[in-house]
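This report refers to the structure that appears directly beneath it.
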Amino acid sequence: MSKAIAVQVKFGGAMVKYAPPDETSDQTKARSNNHTVNLTSDTSVQMLLDDLHIPAEQPLMIILNSAMVARPDYSTTLFSDGDTLSLMPPITAG
């Protein structure tokens with residue numbers, strides 16, 4: 001049986017465009033970099049990406065509690081209560 005959990009999601013750089021709109025009193029559509037999302041313990045990284053409408057072709061680095069998550073592991077990596085997930089654009093050097 002799955003249980004309710006809370007996960008901190010941090011949107012880095014250009015990934016903030018996928019962040020849910022902030023709940024503000026004046027109903028603006030501002031977006032911030034940090035969100036707490038309520039999930040169930042059977043939610044995978046891929047399921048969250050789908051819920052956030054992040055396209056599969058979006059270049060992306062995912063860091064879960066300071067460890068990189070490889071794309072082949074998105075569907076099998078599950079969240080635990082209190083996890084921190086960072087969604088970052090890839091780092092490129094010129």
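The numbers here are math on the coordinates, done by the rules we state, and not lab data. Since the structure is predicted, the reported quantities are computational estimates derived from the model, not experimental observations. All Cβ positions, glycine included, derive from the backbone under ideal geometry; neighbour counts span all protein chains shown.
ALA6 to THR84: extension gain in nm, 0.36 nm per residue of separation minus the Cα-Cα distance?
The ALA6-THR84 span can extend by a further 27.2 nm.
Net charge around THR40, counting only other residues with Cβ within less than 14 Å of its Cβ (Lys, Arg = +1; Asp, Glu = -1)?
Net of charged neighbours comes to -3.
So what's the net charge close to ILE63: Lys and Arg +1, Asp and Glu -1, counting the other residues with Cβ under 15 Å from its Cβ?
My count for the surroundings of ILE63 gives 0.
Calculate how many DSSP beta bridges within the chain are antiparallel, expressed in % of all such bridges and rounded to the nearest 5.
80 percent
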